[in-house]
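All remarks here apply to the structure that follows.
Every number in this text was worked out from the coordinates using simple rules, so none of it is lab data. Just so it is clear, the structure is predicted and the values come from calculations on it, not from any experiment. Every residue, glycine among them, receives a Cβ derived from its backbone with ideal geometry; neighbour counts consider all protein chains shown.
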Amino acid sequence: MDNSQQPILDAIDPEITGRLVSRRDALRRGASAGTRLAAAGLALASVPAALAALSREAFAQTPADVLDVLKFAFILENLENEFYRAVLGTSAVAAQNNAFAPVRALIPDAAKQALQQIQKHEQQHVDFLKAVIPQFGGAVVTITANDFDFTGGNGSGTGPFARATTELDFLLLATQAFEDTGVRAYKGQAGRLLINGNDAADVALESALRIHSVEARHAAKIRRIRRQRNPSDTTLRFSGYVRGGGAAAAGAGNITNPPAEVVAALNLIYGGATPESNTQHVVFNGTSAVTIDAAALGGLGVIDAGDRTAAVTQAFDEPLTKDEVISIVKGFIKDDPARGLP
Amino acid sequence: MAMREPERGEPMVIAGAGELMFPSTRRSFVRRLLAGGTVVLLPSVFSACSDDDDSILGPGDIPDPVTGIAFDLRSDVGIFRLLHLNEQLEAAFYTAVVSSGTFSSFSADEQELFVDLRNTEVVHREFVRTALGSQALPDVRGSIDLTVLNGILASRTSIIAASRLFEHVGVAALNGAGKYLQDARNLLVAGKFASVEARHAAALRDVLPPAGQNANTAFAGDDIIDANGRDVKLEAGAVLAKVASTGLLMAGTLANPPITAGPTATQGVPTPDFFPANP
C-alpha cells in the first residue's frame with residue numbers, strides 16, 4: 001500500500017491571509033527589508049531568497065521583527081531571572097534578597113532545588129539572548145534587579161503581589177503565573193520569527209521554540225508542586241496542563257482573600273484575545289485556511305464524556321500578543337522607555 | 001476483540017544492535033520474556049476490553065496493518081503528516097496503558113496523569129487528522145506490534161520509560177520541525193501542541209526520573225536542557241529513527257527510507273540534534 005502523499009500545494013491565498021492573520025503593514029516591512037538585512041550583517045546570499053519569500057507571502061516577517069522579538073524576550077527573561085534570584089537570595093541587589101527572606105525560609109528543600117534549576121535556565125536564556133541580539137544588529141541594554149518591582153507595584157514596592165514575599169503558596173502561584181506567561185509570550189511571538197529562506201531567522205526561531213518548551217516544563221513542575229500542596233484542587237493537574245481559561249485556570253483556590261488586582265492579573269495571564277479556554281484553531285493546508293473547533297472533533301469516544309470539555313482545552317496551550325504580555329508584566333517593571341522597558 | 005497473532009511483528013527486531021535507543025531495561029525484559037518462552041499476552045491487559053469490537057488500542061475495529069508510509073517534507077502538509085504519525089502512536093499507546101492491568105496498580109496521582117495524557121493525545125490525533133483531511137496518514141493501529149506493546153505494558157517502570165521517550169521525541173520533533181514550516185498559522189498550532197507535550201515530558205520525568213537523574217530537577221534536567229537553556233530537538237529523520245527504535249511499528253510500516261524528500265533550502269537548513277540516549 002502506497003501512502004506517499006499527493007503533490008504539494010503551497011499556493012498562498014492573499015484574501016485569506018489578509019483576513020485571518022492579523023499582521024502589521026507588509027508594505028512597510030517589504031520596503032525596508034533589504035536595508036535591515038544588510039544592517040543585520042547577514043550573508044548577502046540570503047537577501048534574494050528572503051526578498052523572494054517576501055514577494056511570495058504577504059505576511060512574511062523581516063529581520064527587524066526578529067530583533068524586536070529577541071529584545072522583548074530579553075526583558076522577560078531578565079524579569080524571570082531576577083525574580084528567582086531574589087527568591088533564592090542570590091540577587092546582586094541586597095534589598096531584593098531581603099524582601100524575599102521571610103518566604104525563602106518556608107521553601108522546602110525539594111522545591112528549592114526545582115527553583116534553582118529553573119533560575120539556572122533563565123540565566124542561560126538571558127545569556128543566550130545577550131549573545132544573539134548583536135547578531136541581528138541590535139544593542140543589548142543593561143538590565144539589573146533594580147529595574148524590577150516583584151510586588152507588581154511598578155516601583156512602589158507595595159504592589160498586589162507583595163504577599164509572595166511572605167507566603168509560600170502565594171509565591172508558588174506567582175511563579176506559575178510567570179512561567180505560564182512566558183510560555184504564552186513565546187508562543188505568540190514565534191510567528192514573527194518565521195522568515196522563509198532566512199537561515200539566521202531559522203536559528204532564532206528554533207532556539208525560541210526550544211526555550212518555549214523549557215518554560216512549559218517549568219510551569220508544569222510548579223503546577224505539580226502546587227497540586228501536591230493542595231491535593232483537592234484538581235484544576236492543578238498532575239500532568240502540568242492548563243485547563244480552562246481566565247483566573248479559574250490558575251488554580252488559586254488555596255490563596256485566602258486574593259487581592260482583586262491579582263485576580264485581574266490572572267484573568268489576563270490565562271485569558272486574552274485567545275484565552276487558554278480557546279478551542280478554535282486555524283490551520284492552512286496549502287490552499288485554504290480552515291478553522292477547526294476541537295470541541296467538535298469526532299473520534300474522541302475513548303475519552304469519558306464528562307472529561308471531553310476539559311480535554312479539548314488542556315490539549316492546546318494558547319498564545320498571548322505582545323501587548324497582552326506587556327499589560328501583564330508592566331507592573332513588575334519600572335518604566336524606562338529610553339531602554340525599552342515598558 | 002480483534003486480536004492478531006503475535007508472531008507477525010518479528011519480535012527479534014527489538015533486540016537488534018541497531019535498535020539501541022530504547023532503555024536497555026526494556027530490551028532485556030523482552031529478551032527474558034522470549035527466552036523463557038513465557039510471552040504470555042498478559043490476559044489482565046485485555047480484561048478492560050468489554051466488547052468484541054474494542055481492543056486495547058481503542059474503540060472500533062482495528063484496521064489491517066499498513067505499509068510503506070512515506071513523508072515528503074517540502075510542505076507544511078508533509079510536516080504535519082509526521083506529526084500525525086507521532087500523535088497516532090502516542091494516542092494508541094496511552095489508550096493501551098489506561099486499559100492495561102498494570103494501570104490499576106498506579107497511584108491515583110499517576111492514573112490522573114495518564115488519563116490526561118491519553119485524552120490530550122487523542123484530541124491531538126483527531127485534530128491533526130482533521131487538519132490534514134485527505135492527506136492524513138492511514139490509521140496505523142493495526143501496524144502496532146502487540147508483542148512489543150505488551151512487553152512495555154507489563155510494568156510501571158517500562159510504561160513510564162516508554163512514555164518519557166514518546167513525549168521527548170514529540171517535543172524534539174516539534175522543536176526541530178518548526179523552522180521548516182512556511183505558514184505562521186501552522187507554526188502557531190505546532191506551538192500549541194509543543195508546550196503541552198513539554199508539560200507531559202516534564203511531568204513524566206518528575207514521576208520517575210531516568211536512572212542517575214536528581215528527582216527534584218529531572219523535570220528539566222541537564223541531560224535534556226543544553227547549556228543555552230534550550231530543550232531537546234531532532235530533525236525529522238532522527239525522529240523516525242527514534243520511533244522505529246521502539247519496535248512498536250511492525251517492519252515495513254514505514255517506507256525505506258521513510259523520507260522521500262526532505263525540506264528545501266528555502267524552508268530551512270538542518271541544525272545539530274540534541275537528545276539524550278535515555279530521556
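Things to note:
- Positive-end residue of B:VAL232, B:PRO276, B:LEU187, charge dipole of the range B:186-279 with Cβ unit charges: B:LEU187
- The range A:299-316 and the range A:190-221: distance between their alpha carbon centers, rounded to Å: 28 Å
- The distance separating the Cα centre of the range B:84-139 from that of the range B:65-79 comes to 20 Å.
- Using θ = phi - 60° and Karplus 6.51 cos²θ - 1.76 cosθ + 1.60, couplings along the range B:152-161 (whole Hz; Gly, Pro as x): 5, 6, 6, 9, 4, 4, 6, 5, 5, 4
- Cα gyration tensor category, rounded, prolate or oblate, for the range B:67-261 with a/c compared to 1.5: oblate
- Placing unit charges on the Cβ atoms only, positive for Lys and Arg and negative for Asp and Glu, gives the range B:67-261 a dipole magnitude near 320 debye about its Cα centre.
- Cut-off under 5 Å, modelled amide H: who pairs with B:LEU254 long-range: B:GLY68, B:ILE69
- Ranked for footprinting exposure by Cβ neighbours inside 10 Å, fewest first, B:LEU137, A:LEU168, A:LEU129, B:LEU204 give A:LEU168, B:LEU137, A:LEU129, B:LEU204.
- Hypothetical label at A:ASN154: residues of the range A:317-342 whose amide nitrogen lies under 14 Å (7 Å Cα-Cβ projection): A:326-337, A:342
- Remark: the range A:170-187, residue by residue, has Karplus-estimated 3J(HN,Hα) of 5, 4, 5, 4, 4, 4, 4, 5, 4, 5, 5, 4, x, 4, 5, 5, 4, 4 Hz, where x stands for each Gly or Pro and the curve is 6.51 cos²θ - 1.76 cosθ + 1.60 at θ = phi - 60°.
- Per-residue Cβ neighbour counts within 10 Å put A:PHE332, B:PHE106 in the sequence B:PHE106, A:PHE332, beginning with the fewest.
- Scanning residues 5 or more positions from A:PHE148 or on other chains, those with amide H under 5 Å from its amide H are A:LYS334, with H placed 1.01 Å from N in the peptide plane.
- Given A:LYS221/B:LYS179; A:LYS187/B:LYS233; A:LYS71/B:LYS179, the pairs whose alpha carbons are separated by over 24 Å: A:LYS221/B:LYS179
- Close amide H partners of B:LEU249, meaning residues 5 or more places away or on another chain with modelled amide H under 5 Å apart, are B:ASP145.
- Ranking of A:ARG237, B:ARG199 by count of other Cβ atoms within 10 Å, fewest first: A:ARG237, B:ARG199
- Cα centroid separation, the range B:243-279 to the range A:260-294 (Å): 31 Å
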